[in-house]
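Could you have a look at this structure, given as structure tokens, before my questions?
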Amino acid sequence: MSTHTVNATQTHDSMFDAVLARLDTAAKIMNLSDDVLQVLRNPQKQVKVSLPITMDNGKIQVFEGYRTIHSTHLGPSKGGIRYAMDVNADEVMALAAWMSFKCAVANLPYGGAKGGIKCDPRAMSVGELERLSRAYAQAMKDIFGVNKDIPAPDMGTSGREMAWILDEFNKITGEDSPGVITGKPIAIGGSLGRDAATGRGVMVNTLAALKKMNLKPIEVTAVVQGFGNVGSHAARLLAEKGIKIVGIGDHTASFYNEKGIDITAALAFTAKNKGVLKGFTGATEIKSAELLISKCDVLVPAALQNVITEENAPKIQAKLIVEGANGPTMPEADSILNDKKIICVPDILANSGGVTVSYFEWVQNKAGYYWTEDEVNTKHDLKMEIAFEAIWNNAAHFKTGMRLAAYITALQRIEQGVKLKGAY
Ligand code: GLU
């Protein structure tokens with residue numbers, strides 16, 4: 001299938017290096033000009049701030065906040081904000097670059113950015129999280145803007161944090177600018193369908209890939225790693241399409257049942273169990289390391305980055321991987337998956353449904369006119385199907401796997417922006 005692979009002789013301790021390895025490989029295959037490559041190898045702007053927060057115990061704790069703008073060649077920069085302990089400059093830079101490529105793959109008029117705060121949101125009170133989110137919005141007031149840089153949720157954040165950030169931004173500017181942030185609650189300018197959008201994109205991409213593989217949804221089984229916003233919606237929507245979900249897991253526990261897991265029951269369980277799967281009785285509990293290598297046709301890593309490695313890739317049994325998470329596959333594993341003829345729908349395509357509906361939310365905010373959920377879903381599905389087809393075709397044209405084809409597709413579009421806008 002694939003004649004091109006990413007340089008796998010070096011290990012990638014840095015996530016941004018892993019992005020560059022794929023960027024360089026894709027650039028070579030498609031003959032990207034060196035000028036454009038140099039521009040894209042260097043993020044446009046990196047901001048790091050210190051956020052002193054009064055904790056509930058009265059003591060001040062200083063948090064690190066980041067925002068990296070990778071590119072603005074196709075439009076204002078777009079990308080989420082994550083709250084997690086492993087947030088650092090390198091990770092945010094990698095995630096920002098992926099947003100540039102993801103927006104280009106989905107053909108959205110955006111560049112790419114990402115932000116984050118190094119914190120453990122599960123260990124913080126609601127009041128502490130609110131103060132932290134507002135402090136972050138204050139610190140980034142000159143970065144964010146409806147036509148400048150538009151954040152959204154990512155790991156560890158949701159509509160709640162977006163509402164606080166929007167409110168703080170509105171206080172600073174003295175006017176209501178709902179389009180400055182997406183993934184908001186519906187009542188304050190969010191879009192119907194946004195919550196489920198990333199999982200929905202995973203579903204649409206899975207169905208598109210199965211069709212190419214001549215497989216029907218009712219004939220296949222799937223394992224979904226991650227049961228947060230992306231994984232839980234993906235599992236539910238895949239099950240609704242007739243796919244048998246045989247494995248699920250989150251950071252607390254993993255489960256397998258070859259007869260199929262009742263996803264409605266799992267969702268009802270997590271709703272009453274602080275959002276986590278630990279204690280679920282609808283399937284046999286297995287070790288978390290076993291989930292990715294258990295028997296299934298479709299594997300959806302929808303939790304963390306760097307979970308498919310050189311070590312476990314040879315043991316993966318799935319025929320199709322659909323990456324719900326950002327960066328779940330390490331570059332070292334790419335060639336192993338290619339050699340095993342496993343089709344991999346890469347993150348920058350597979351999880352682009354989220355930012356696609358973020359774009360729809362922004363359009364609705366600008367117009368002040370709101371669409372029905374059906375309208376959102378129909379427009380979303382069409383955009384995803386077109387994106388999938390373009391990348392499938394580029395994979396055949398350039399004789400690559402889908403990951404490099406997605407990078408190539410993104411670079412073909414961003415290259416035009418860089419060249420048309422020019423340099424000093
Ligand atoms: N955080 C999501 C992502 O990684 C969504 C970004 C957005 O909607 O701007 O794609």
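The values are calculated or read from the model by the stated rules, or taken from the named source; none is laboratory data. None of these values were measured; they are calculated from a predicted model. In this analysis, Cβ positions are derived from the backbone assuming ideal geometry, glycine residues included, and neighbour counts consider all displayed protein chains. Ligands, DNA and RNA are excluded from the accessible area calculation, which covers all protein heavy atoms including side chains. Shrake-Rupley method; radii C 1.70, N 1.55, O 1.52, S 1.80 Å.
Here are some residues: Lys278, Lys259, Lys295. Which one is assigned to a loop (DSSP other than H, G, I, E, B), charged (D, E, K, R) and closer than 24 Å to Cys344 by Cα?
On the way: Lys278 fails: closer than 24 Å to Cys344 by Cα; Lys259 fails: closer than 24 Å to Cys344 by Cα.
Answer to the selection: Lys295.
Restricting to the range 352-393, give me the number of residues that are charged (D, E, K, R) and crowded, with 24+ Cβ neighbours inside 10 Å.
Filtering the range 352-393 for residues charged (D, E, K, R) gives 361, 366, 373-375, 379, 381, 383, 385, 389.
Filter once more, keeping what is crowded, with 24+ Cβ neighbours inside 10 Å: 361.
Result for the range 352-393: 1.
Does the range 197-210 contain at least one residue that is more than 14 Å from Val300 (Cα to Cα) and either crowded, with 17+ Cβ neighbours inside 10 Å or within 16 Å of the ligand (Cβ to nearest atom) (or both)?
So far as the range 197-210 goes, yes, one or more of its residues are more than 14 Å from Val300 (Cα to Cα) and either crowded, with 17+ Cβ neighbours inside 10 Å or within 16 Å of the ligand (Cβ to nearest atom) (or both).
Conditions tested, residue by residue: (1) among the aromatic types (Phe, Trp, Tyr); (2) open to solvent by 40 Å² or more (accessible area, probe 1.4 Å); (3) within 15 Å of the ligand (Cβ to nearest atom); (4) touching a Lys or Arg at 6+ places or on another chain (Cβ under 9 Å).
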residue	(1), (2), (3), (4)
Ala271	no, yes, no, no
Val276	no, no, no, no
Thr284	no, yes, no, no
Ala313	no, no, no, yes
Ala333	no, no, no, no
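Looking at Val246 and the list (1) in a helix (DSSP H, G or I); (2) open to solvent by less than 30 Å² (accessible area, probe 1.4 Å), which single condition is not satisfied?
(1)
Which of the residues that make up the range 150-164 are surrounded by fewer than 24 Cβ atoms within 10 Å (Cβ to Cβ), outside any loop (DSSP other than H, G, I, E, B) and within 13 Å of the ligand (Cβ to nearest atom)?
Hit for the range 150-164 is Gly159, nothing else.
Taking the range 86-117 on its own, how many of its residues are more than 10 Å from the ligand (Cβ to nearest atom), in a strand (DSSP E or B) and within 25 Å of Glu385 (Cα to Cα)?
Going through the range 86-117 one residue at a time, the tally reaches 1.
Every residue in the range 178-196 that is part of a helix (DSSP H, G or I), open to solvent by 50 Å² or more (accessible area, probe 1.4 Å) and among the aliphatic types (A, V, I, L, M), please.
Answer for the range 178-196, where residues must be part of a helix (DSSP H, G or I), open to solvent by 50 Å² or more (accessible area, probe 1.4 Å) and among the aliphatic types (A, V, I, L, M): Ile186, Ala187, Ile188.
Going by the conditions given, is Glu175 surrounded by 15 or more Cβ atoms within 10 Å (Cβ to Cβ), over 18 Å from Tyr359 (Cβ atoms) and not small (Gly, Ala, Ser)?
Answer is no for this residue.
Exactly one of (1) of a type in the set (A, V, I, L, M); (2) surrounded by fewer than 24 Cβ atoms within 10 Å (Cβ to Cβ); (3) within 13 Å of the ligand (Cβ to nearest atom) is unmet by Ala396. Its number?
Unmet condition: (3).
Then there is this: Name every residue in the range 327-350 that is closer than 22 Å to Ala106 by Cα and within 17 Å of the chain's Cα centre (by Cα), in order of residue number.
Listed by number, the residues that qualify are Gly327, Pro328, Thr329, Cys344, Val345, Pro346, Asp347, Ile348, Leu349, Ala350.
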